[in-house]
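Structure record follows, encoded as structure tokens.
Each value in this text was obtained by applying a stated rule to the coordinates, not by laboratory testing. Nothing here was measured: the structure is a model prediction, and the numbers come from that model. Cβ: placed from backbone, ideal geometry, glycine included. Neighbour counts: every protein chain shown.
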Amino acid sequence: MDKEPKFQIGDTVVVKVYGTVGKITKIKRMNGQYFYVVNDREGLFKEESLVLLTEYDGILYKKEEINIEFKYFIGDIVKVKGYSDEIFKVVGFRTEIWRYAEDAWEDIIYEMVRIPDGEWLEADEQELILIADFEQADTFLNKYEFFYPVKKNHLRNLAEDQAPTPEKIDQLLDLYNDYRILFQLFGDDEYKMLMDSITSQLHFLMDHGRNQE
């Protein structure tokens, strides 16, 4: 008579080597021996590798599953609190998991480079404000390249080094509307400063155009 398997599907067992608990989900027989699949995971366990939970007297280890949602991704363009006149590009992120006897939390640290000089910065999620996601980043950078800070609190003036054309006026108007929307969303004074800068440049272009007529 064939030997019956020691465990049955549905039995709650402990994997001795790990001290972890699971249920028998499949039973396989090979060369007269029984092998067991636990929790539908890959790999087979011999009978001597398992013991019924009710018969186990060792230390049990609880396996923790952590689900972390990332708010920002590589390639996103962001602002950082405390760096009001600068923008950064996310180039990486990492998760730090903290566990203590009576407390637990997870920190997400984002790694960034400053545009345009590549200065490195790290910040947590609460310090960031999304300006353009990674899908729109190239469009954003091409559109706003004339307004990157050259020095702190100084902006390159688009109107001063270009002749007035309808295309340039349209570009400035588009930028003004974009900054107006950002100002309404975030209330950041830097956006108001950029709006004022664009208004001055529009006046410059229009005055320059009239002087050329």
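Ranked by the mean number of other Cβ atoms within 10 Å per residue, highest first, peptides 40-49, 194-203, 130-139 order as 194-203, 130-139, 40-49.
Less than 5 angstrom separates the built amide H of Thr20 from those of Val15, Tyr61, all sequence-distant by 5 or more or on a different chain.
Relative to the current alpha-carbon distance between Gln171 and Gln126, full extension at 0.36 nm per residue lengthens the span by 12.9 nm. Computed from the C-beta positions of Glu96 and Lys192, the FRET efficiency with R₀ = 45 Å rounds to 0.80. Placing pseudo-labels 7 Å out from each Cα toward the beta carbon at Gln136 and Gln184 gives an inter-label distance of 1.4 nm. Residues of segment 1-34 falling in the label zone of Asp57, defined by backbone nitrogen less than 18 Å from a point 7 Å along Cα to beta-carbon, are 14-17, 19. Greater than 19 Å separation of Cα atoms is the criterion. Which listed pairs, Lys6/Lys26; Lys3/Lys28; Lys79/Lys168, meet it? From the list (Lys6/Lys26; Lys3/Lys28; Lys79/Lys168), the Cα-Cα distance tops 19 Å for Lys79/Lys168.
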